[in-house]
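Before any comments, here is the structure.
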Amino acid sequence: MESVHLTARSDGQAVTIERVADGSWHAVEDDQVVGRGDISGRPDGRTFVSIDAWHCAVFDRLAGAMLAELPRPLYTLVGEDDLDLASHWERAGFTARRREWECLVPTDPGLTGLGPALPPPGVTIGPAEEGPLRALDRLIRDEVEAAVGWREMPAEVLPRPAAPDLSRYTVAAEAGEYVGYVRLAAVTRQPRIGLVAVRSGHRRRGIGRALLARVLDDLHRRGIETASAEVNESNTAAMALFDAIGARRTGSNLELALEGSERHG
């Protein structure tokens, strides 16, 4: 395995960058790991990078070694209040692309104002079956790709499982076809609303609101007080929906990108 020796730090100890596995790097100083870098592929084809380092200089050296080997574009997520980490990535050439709000959503219908939130006439809300769910997913993906594209959607809403966990999905059906769904990710201690999606020709009829009402009411009946959600700030319809049901914004993440097709070197 190839190692790259970098300039000695001010304390006199040399730092070595080692690629320890496919997609994983270590920064080693005096036989101690002082930094780690990793890459992860997302279902939409994008590559995300992350670095955890003890010192700014170690971060910079890890970033330099990693970016020299990785093709662009590359992406990373940073908490918007983590100014130091954001500045590290900016030094490496990354720039902010979009902001994603983290929201805490109450499940009590008395707080959300959803009540029973009946769907429009002819629409039913219920559990999913795999075949129609896959068909709906393909249609919605095509519609999104033709508009903003999946690169504008939160990374968590992009899985393409070989066998989807149907228990995570609640669907809206009309005339024998699925027209919308909500996906609830099973996250420890607090469920996460991964995606609320409705076919383009069926929007602004209250279907998304009815889907959310069903899911949140089910959580409330199970004694779960809140769910989390991440919403792209450019998705004004989703932001308006979550704001209307009393969701509280608890923080925000920035997606940073290193554009271009050439390797950094």
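The values are calculated or read from the model by the stated rules, or taken from the named source; none is laboratory data. Because the structure is a prediction, the values reported are computed rather than measured. Neighbour counts are summed over all protein chains in view; Cβ atoms, including those assigned to glycine, are modelled from backbone coordinates with ideal geometry. Side chains included, ligands, DNA and RNA excluded: accessible areas come from the protein's heavy atoms. Shrake-Rupley method; radii C 1.70, N 1.55, O 1.52, S 1.80 Å.
Descriptive notes on the structure:
- Residue count, the stretch 31-62 (criterion: touching a strand residue (DSSP E or B) at 6+ places or on another chain (Cβ under 9 Å), charged (D, E, K, R) and either more than 16 Å from ARG72 (Cβ to Cβ) or surrounded by fewer than 17 Cβ atoms within 10 Å (Cβ to Cβ) (or both)): 6
- Hey, ALA197 at pLDDT 90 or above, among the small types (Gly, Ala, Ser) and under 17 Å from ALA240 (Cβ atoms) or not: no
- Residues of the stretch 171-210 that are surrounded by fewer than 22 Cβ atoms within 10 Å (Cβ to Cβ), more than 18 Å from the chain's Cα centre (by Cα) and of a type in the set (Ser, Thr, Tyr): SER200 alone.
- The number of residues in the stretch 65-87 that are closer than 21 Å to GLU102 by Cα and in a strand (DSSP E or B) comes to 5.
- The residues of the stretch 173-211 that are assigned to a loop (DSSP other than H, G, I, E, B) and in contact with a Pro (Cβ under 7 Å, 6 or more places away or on another chain), listed by number, are ARG205, GLY206.
- Qualifying residue in the stretch 212-220 (condition: surrounded by fewer than 13 Cβ atoms within 10 Å (Cβ to Cβ), modelled with pLDDT of 85 or more and assigned to a helix (DSSP H, G or I)): no
- Within the set ALA128, ALA96, ALA86, ALA92, the sole residue that is within 24 Å of the chain's Cα centre (by Cα) and under 24 Å from ALA173 (Cβ atoms) turns out to be ALA128.
- Filtered by the rule that a residue be in a loop (DSSP other than H, G, I, E, B), out of contact with any Leu (no Cβ under 9 Å at 6 or more places or on another chain) and under 28 Å from GLY122 (Cα atoms), the stretch 223-265 gives a lone residue, ASN235.
- Tally, over the stretch 30-55, of residues that are more than 21 Å from the chain's Cα centre (by Cα) and modelled with pLDDT of 90 or more: 6
- Residue in the stretch 115-124 that is open to solvent by less than 60 Å² (accessible area, probe 1.4 Å), under 24 Å from ASN232 (Cβ atoms) and not in a strand (DSSP E or B) present: yes
- Filter pass, TRP25 being assigned to a strand (DSSP E or B) and surrounded by 13 or more Cβ atoms within 10 Å (Cβ to Cβ): yes
- Considered as a group, the residues in the stretch 221-265 that are farther than 30 Å from SER50 by Cα and of a type in the set (D, E, K, R) include one that is least open to solvent (accessible area, probe 1.4 Å), and that residue is ASP243.
- Screening ARG138 on (1) modelled with pLDDT under 90; (2) surrounded by 13 or more Cβ atoms within 10 Å (Cβ to Cβ) shows it passes everything except condition (2).
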